[in-house]
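Working notes, structure below.
The values are calculated or read from the model by the stated rules, or taken from the named source; none is laboratory data. Please read these numbers as outputs of a predicted model, since none were measured by experiment. When we count neighbours, we look across all protein chains shown, and the Cβ atoms used for this are built from the backbone with ideal geometry, even at glycine. We work out accessible area using only protein heavy atoms, side chains counted, and drop any ligands, DNA or RNA first. Shrake-Rupley method; radii C 1.70, N 1.55, O 1.52, S 1.80 Å.
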Amino acid sequence: MLSQMISGLMLPMFWGTNPVEAAPSLSKPDLGTLDRLNASGFDIPPEFKVDITVDDSVHLEPEEIYRIALDMMYEVSEFPLTHAWFDRDWSSPDGNMGIFMEHKAFSRKDPSELYTRYVIWGLYHMMLSITLSRRYCQTIAVLKWLGVPVGAIYVAKKASLRHDWTSGEQNGVPIQLGQQQDEVSLSTSEDVGVIINWVGEVPIPRELIYLTTIKAIGEAAERGLDQAVPTLLTTSIQRVSWHLHGGVSFPGILRPRHSRLAALQTLSKMQEDRRFQNVHVWMSVNGVNTAAGGFSQGARMLW
């Protein structure tokens, strides 16, 4: 199970215990190029926007945020891009914190839809905001289409009161919290394996590896999990990328579904060896060589 793979990552603390000093509570982070960075790689129309609000008074463990976000992005990516989501939450192994997703229906006659593509864009946008600002705190992302909220994603402690992100809306349909809908088995009948080779000794900030993996999973869904593709490239901030190329050089067929698992397996190996740096990856599917690539920072390495 993917959740077991992610929850089994024993991460040392690598962020400061006080990432933001003297920050105001319930503030909007000043992220500058966030919209441009967020749109890079994703096919995000201008009608879609995300409003981020941060409560610095509620500090969260950074490694748990990334862990839960990986679990959430992987599960959401299993569904069609037009699948409509309702309330759902993903929890840390100890159950003390989680990422919560809430759907907002504006009227019974004209309900909004919280589609998979909105969730993918919104989750990455929130994680990008957290990573850029280094504010590992309770964070709320309100997802809007044409300026109208369609849902919210937020990371918080389980004991925290849920944020009233719909305040001011008088025509909403009451939301039943805590529903466990849209659950899916994350097992796969295909055996995806990776062989890795470390390149050099220059480290890559591990939070950027996590962010890039989250984005790669979301982009795989946008490409179509079962589409045959010659190459896959995901680039996140500070020129950190995940890349696979297949094609005529390999007997196997590269599909975005395989890339998600290969990225997660490579991330697991990085954590096991406590080495976050450039790495070559050779991927096989059911024992057949399918692609080569890896994680890199800076100019993309050629394989």
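One table, with the values for the structure above:
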read-out	value
The stretch 276-289 residues that are free of Cβ contacts under 8 Å to residues at least 40 places away in the same chain, paired with ones that are acidic (Asp, Glu) (beta carbon under 7 Å, 6 or more apart)	none
Residue count for the stretch 262-281, restricted to those that are more than 18 Å from Ala220 (Cα to Cα) and either assigned to a helix (DSSP H, G or I) or among the aromatic types (Phe, Trp, Tyr) (or both)	7
Residues of the stretch 78-102 satisfying the condition of being assigned to a strand (DSSP E or B) and either touching a residue at least 60 places away in the same chain (Cβ under 8 Å) or of a type in the set (Val, Ile, Thr) (or both)	Trp85, Arg88, Asp89, Ser91, Met97, Gly98, Ile99, Phe100, Glu102
The stretch 226-235, subset open to solvent by less than 40 Å² (accessible area, probe 1.4 Å) and within 27 Å of Glu207 (Cα to Cα), residue nearest to the chain's Cα centre (by Cα)	Thr234
Residue check for Ser259: of a type outside the set (Lys, Arg), free of Cβ contacts under 8 Å to residues at least 60 places away in the same chain and part of a helix (DSSP H, G or I)	yes
All positions within the stretch 236-264 that are in contact with a helix residue (DSSP H, G or I) (Cβ under 8 Å, 6 or more places away or on another chain), open to solvent by 40 Å² or more (accessible area, probe 1.4 Å) and within 21 Å of Ile196 (Cα to Cα)	Arg257
Residues of the stretch 57-77 that turn out to be open to solvent by 30 Å² or more (accessible area, probe 1.4 Å) and either aliphatic (A, V, I, L, M) or in a strand (DSSP E or B) (or both), as a count	2
Pairs where the first residue, in the stretch 211-227, is within 9 Å of Arg255 (Cβ to Cβ) and assigned to a loop (DSSP other than H, G, I, E, B) and the second is of a type outside the set (S, T, N, Q) and open to solvent by less than 10 Å² (accessible area, probe 1.4 Å), C-beta under 6 Å, 6+ apart	Leu225/Pro256
